[in-house]
């Protein structure tokens with residue numbers, strides 16, 4: 001058993017060093033649960049190589065499905081973003097990265 005905390009908005013950053021079969025800690029990876037799935041390994045490599053954003057999105061959707069189905073991790077906490085605003089504010093969007101982007105925000 002291992003415990004790990006990580007948050008990123010870049011899909012290449014977390015799954016590759018944490019879920020690949022050969023990303024074991026002794027090899028410099030974060031797969032401290034020693035999870036192995038050859039199909040997932042292939043998808044992760046393909047997703048990192050692809051420059052087609054639609055293809056990458058579909059590949060990472062498949063990664064999510066596999067992780068959900070096989071549950072190599074037990075998620076014990078998940079942050080929820082909150083924002084308070086008024087009807088005088090337009091264009092505020094919460095980002096998955098928790099970065100507050102205000103360039104498109106306007107006030108009436």
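Values in this text are rule-based calculations from the coordinates and carry no lab data. Since this is a predicted model, take the numbers as computed values, not measurements. We place every Cβ from the backbone using ideal geometry, glycine too, and count neighbours over all the protein chains shown.
Descriptive notes on the structure:
- Fully extending the segment from residue 54 to residue 27, taken as 0.36 nm per residue of separation minus the present Cα-Cα distance, adds 6.6 nm.
- Approximate spin-label separation residue 95-residue 12, in nm, with each point projected 7 Å along Cα-to-Cβ: 1.7
- Across the chain, the mean sequence separation of Cα contacts (distance under 8 Å, 6 or more residues apart), normalised by length, yields a relative contact order of 17 percent.
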